[in-house]
Amino acid sequence: MIPYAKIAKYSDLLWGNILGEQISFLVSVLGPILEDPDITVLDAGCGTGRIIRSLSKMFPCHFQGFDASEEMLDIARQLSDDRIEYFTATLQNFNVNKKVDVILCLYSTFNYLTRDEDIVDTLNRFSSALKGVRGIVIIDTCNFLHNLVEGCGKEASKTFVDNELRVVDHIQYYIDTTKNIWTHDETLEIYENEKLVDTIRERHYLRYLTYAEFRLLLNLSDLRNFKCAVENGYDVSSNIQDRLIYIIRN
Ligand SMILES: C[S@@+](CC[C@H](N)C(=O)[O-])C[C@H]1O[C@@H](n2cnc3c(N)ncnc32)[C@H](O)[C@@H]1O
């Protein structure tokens, strides 16, 4: 089963606390571009569409999103209006009917590409999907080295509350340094009116992708002549360095 099948309906609650920072960051990078009603933004691995749903309330341009998980897309479609178009695809096989101006691949979606050849192939797909030379790609990966500070093999728990719903999220991770794989085990305990109604367990295999490796693979791809800047958090004024966010443009 693709991870997220069962987590899908809780993901907006789990990731809601960072949404404001993400949108401010994207607006600071893309703002004036998104004011143009003729441009199209593609969200690659859009999940429930929470990013493009927010942006579509603020900007007049076109939005598309795709994801590998039908369950995530079901929620995206339920919560979106007709201005956003969704389709099922993977990073490894997606195609667009019409070229796009901006590609987003956010919140660790890119880390699901575990093999070098898939990473280069996806960057090539991003390059082919971009319209002309003024396109922008924003890829937000997890800064695993920073997260190691939290302690490998230790369990971290967080609680999220929405009215009668309480979700306790336990995360434990392991790394395989020979394959650069980060195994992320997540257990969600779902309480409704303080009664435990479900326990969901999912295991995710993510690529442990450092900045140096990303730059090497980018140089092997068709985006090699684009400029690439990196930020290590959404809130550039804070010391939290938990993301590696690549802004790739001509
Ligand atoms: C952490 S979620 C982030 C979703 C969304 N980008 C966001 O910021 O809310 C990761 C998403 O990547 C999707 N995903 C994982 N591997 C994928 C692949 N190979 N192709 C497309 N989507 C993938 C999952 O289904 C999930 O929706």
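Using a simple spin-label model with pseudo-atoms 7 Å out from Cα toward Cβ, ASP118 and ASN250 lie 3.1 nm apart. Classify the range 1-145 as rounded, prolate or oblate from the Cα gyration tensor: take a ≥ b ≥ c as the square roots of its eigenvalues, call it rounded if a/c is under 1.5, otherwise prolate when a/b beats b/c and oblate if not. Rounded, because the longest to shortest axis ratio a/c is under 1.5. Annotation: the residues TYR246, TYR10, TYR174, sorted from fewest to most other C-beta atoms within 10 Å of their own C-beta, follow the order TYR174, TYR10, TYR246.
Straight-line cross-link reach from LYS179 at under 27 Å between alpha-carbon atoms covers these lysines, not counting any fewer than eight positions away in the same chain: LYS154.
Here the gap between THR199 and ASP185, fully extended at 0.36 nm per residue and compared with their Cα-Cα distance, gives a gain of 3.7 nm. Each Lys and Arg contributes +1 and each Asp and Glu -1, all at the Cβ; summed about the Cα centre of the chain, the dipole is approximately 720 debye.
Sorted fewest first by neighbouring Cβ atoms within 10 angstrom, TRP182, TRP15 come out as TRP15, TRP182. Pairs from the table (LYS6/LYS158; LYS6/LYS195; LYS57/LYS195; LYS99/LYS227) lying more than 24 angstrom apart at Cα are LYS57/LYS195. The charge dipole of the range 122-216, taken about its Cα centre with unit charges on the Cβ atoms of Lys, Arg (+1), Asp and Glu (-1) only, comes to about 800 debye. Taking 0.36 nm per residue of separation and subtracting the current Cα-Cα distance, fully stretching the chain between TYR174 and ASN95 would add 25.1 nm. Taking the helices alone, the chain has a mean residue ellipticity at 222 nm of -9000 deg cm²/dmol, built from -39,500 (n - 2.57) per DSSP H run of at least 4 residues and averaged over all its residues. Backbone amide hydrogens, once placed in the peptide plane, bring GLY65 within less than 5 Å of ASP43, GLU85, TYR86, PHE87, excluding anything fewer than 5 places away on its chain.
Our estimate of slack between GLN241 and LYS131, defined as 0.36 nm per intervening residue step minus the Cα-Cα distance, is 36.4 nm.
Rule-based calculations on the coordinates, nothing more; no lab input. Nothing here was measured: the structure is a model prediction, and the numbers come from that model. Here the Cβ is made from the backbone with ideal geometry for all residues, glycine too, and neighbour counts use every protein chain on show.
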